[in-house]
1. Given the residues Val190, Val158, which is the only one that is assigned to a strand (DSSP E or B) and in contact with a helix residue (DSSP H, G or I) (Cβ under 9 Å, 6 or more places away or on another chain)?
2. Tally time: how many residues in region 3-32 are at pLDDT 95 or above, open to solvent by 40 Å² or more (accessible area, probe 1.4 Å) and either over 18 Å from Ile143 (Cβ atoms) or outside any loop (DSSP other than H, G, I, E, B) (or both)?
3. Check Leu132, Leu58, Leu36, Leu98 and return the single one that is open to solvent by 10 Å² or more (accessible area, probe 1.4 Å) and among the aliphatic types (A, V, I, L, M).
4. Among the residues of region 278-318, write down those that are surrounded by fewer than 23 Cβ atoms within 10 Å (Cβ to Cβ) and in contact with a Gly (Cβ under 8 Å, 6 or more places away or on another chain).
5. For region 336-369, enumerate the residues that are part of a helix (DSSP H, G or I), under 21 Å from the mean Cα position of the chain (by Cα) and within 21 Å of Ile168 (Cβ to Cβ).
6. Is it the case that region 122-139 has a residue that's farther than 28 Å from Leu51 by Cβ, more than 18 Å from the chain's Cα centre (by Cα), charged (D, E, K, R) and outside any loop (DSSP other than H, G, I, E, B)?
7. Tell me which residues, restricted to region 189-200, are of a type outside the set (Phe, Trp, Tyr) and open to solvent by 10 Å² or more (accessible area, probe 1.4 Å).
Amino acid sequence: MDNNFVFGYNIPTKILFGCGELKRLSTEALPGKKALIIISSGTSMRKYGYLDKVIDLLKENNVDSVVYDKILPNPIKDHVMEGAVICREENCDMIIGLGGGSSIDTAKSIAIMACNDGDYWDYVEGGTGKGLPYSKVLPIIAIPTTAGTGTEADPWTVITNLETNEKIGIGSTLTFPWLSIIDPELMVSVPPHLTAYQGFDAFFHAAEGYIASCATPISDIFALEAIRLLYKYLPIAVKDGNNLKARAKVAWASTLAGMVESTSSCTSEHSIEHALSAYYPALPHGAGLIAISEAYFSTFIYDKTKRYMRMAEVMTGRKSLNPEHFIDALVRMQKECNVRDLRLSDWGIVKEDFPKMIDNARTAMGALFSLDPHKLSDTEILDIYIKSYK
């Protein structure tokens, strides 16, 4: 069945979108009086004044804050646990994720552990996680300074367990952000290569959600518009990061793609990439997705011919009668964003690791394989890895 007409819709997040909308943080009714602000271990949040601005706006709203600034590009369980301890010690009653998806995802996970006992992996489903239920989470505010993960509009948080080399996403209705402020002015400082990596992450959220077996009429609307916007505006944002129109269009596409994740789902492309970056955490998630994307989507080209042609049509604006037109447009988009020739070997990845990555993908994020257009064999997964390797 190409469309699933039995579906639900629940995205409870309040979204404030637009250039300059960060200022609304000073006047919005917030769910607490002391925030733990989660930022990365990098310098950009302080260098460009984003952190100070958030702290000052919170003060205007009579809200105190504490900063936790250790988050890595591929966030880890250790920082979730440490952040939760600080949250409790400081008596914070809400969490703010400021920065990229790693900071916002960690904020969601800390929000869980601030209210629940034990180890974070006790609540993770899949892999070695115990899958225990949790019934309380601190309110989460998402302020993305990148456009890619869509985590501001979905409940998912992806965390890596360094002890087990597992990178697993979890989420529930409790982990939707209470408020998300998407201000494209905060994104002009992102360098070109990261703009591309992040934008393609959003693109694949949308494209995977469109071919997933659980796609719905609502997710289809979100997905096709996100795909259209990213194809048109991501190359512009990569070439000219100060182009606010392009930044805004890409940011909105990312949020739409997050809504796709809330109403449909990613497919196994994310499982296959998570295995790469679980073993090689220096690999940016978006870069890994780009590297495997042509081989991955080519695997399903004759399972979803009409959907591939429809994606090609919204990308190119031309009628398509061949599903390969989508692959052609995808490759063209990669070239325009200067990411066509990414080499997995540049991040230290070796072919000999592929067999254990197949097992990792199936155990850590195995549920996504059930949503693929057809059931992938281990041979097909290995073929995707090998064809993508440079």
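The values are calculated or read from the model by the stated rules, or taken from the named source; none is laboratory data. Quick caveat: nothing in here was measured; it's all calculated off a predicted structure. Counting neighbours? That spans all protein chains shown, and the Cβs are built from the backbone with ideal geometry, glycine included. For the accessible areas, the whole protein counts, side chains as well, though only heavy atoms, and no ligand, DNA or RNA atoms are used. Shrake-Rupley method; radii C 1.70, N 1.55, O 1.52, S 1.80 Å.
1. Working: Val190 fails: assigned to a strand (DSSP E or B).
Sole residue among the options that is assigned to a strand (DSSP E or B) and in contact with a helix residue (DSSP H, G or I) (Cβ under 9 Å, 6 or more places away or on another chain): Val158.
2. Summing the residues that are at pLDDT 95 or above, open to solvent by 40 Å² or more (accessible area, probe 1.4 Å) and either over 18 Å from Ile143 (Cβ atoms) or outside any loop (DSSP other than H, G, I, E, B) (or both) in region 3-32 gives 5.
3. Values: Leu58 fails: open to solvent by 10 Å² or more (accessible area, probe 1.4 Å); Leu36 fails: open to solvent by 10 Å² or more (accessible area, probe 1.4 Å); Leu98 fails: open to solvent by 10 Å² or more (accessible area, probe 1.4 Å).
Matching residue, one of Leu132, Leu58, Leu36, Leu98: Leu132.
4. Listed by number, the residues that qualify are Tyr280, Ala282.
5. Our first condition is that a residue be part of a helix (DSSP H, G or I); within region 336-369, this holds for 336, 344-347, 351-364, 366-369.
Adding the requirement that they be under 21 Å from the mean Cα position of the chain (by Cα) leaves 344, 347, 357, 360-364, 366-369.
The answer is Trp347, Met357, Asn360, Ala361, Arg362, Thr363, Ala364, Gly366, Ala367, Leu368, Phe369.
6. yes
7. The first filter runs over region 189-200 and keeps only residues of a type outside the set (Phe, Trp, Tyr), leaving 189-196, 198-199.
Ser189, Val190, Pro191, Pro192, His193, Leu194, Gln198 - these are the residues of region 189-200 that are of a type outside the set (Phe, Trp, Tyr) and open to solvent by 10 Å² or more (accessible area, probe 1.4 Å).
The rows are residues; the columns are (1) touching a strand residue (DSSP E or B) at 6+ places or on another chain (Cβ under 8 Å); (2) part of a loop (DSSP other than H, G, I, E, B); (3) within 24 Å of Ile301 (Cβ to Cβ); (4) polar (S, T, N, Q).
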{"position": "Ala215", "(1), (2), (3), (4)": "no, yes, yes, no"}
{"position": "Ile218", "(1), (2), (3), (4)": "no, no, no, no"}
{"position": "Ala223", "(1), (2), (3), (4)": "no, no, yes, no"}
{"position": "Leu229", "(1), (2), (3), (4)": "no, no, yes, no"}
{"position": "Leu234", "(1), (2), (3), (4)": "no, no, yes, no"}
{"position": "Lys245", "(1), (2), (3), (4)": "no, no, no, no"}
{"position": "Ser265", "(1), (2), (3), (4)": "no, yes, yes, yes"}
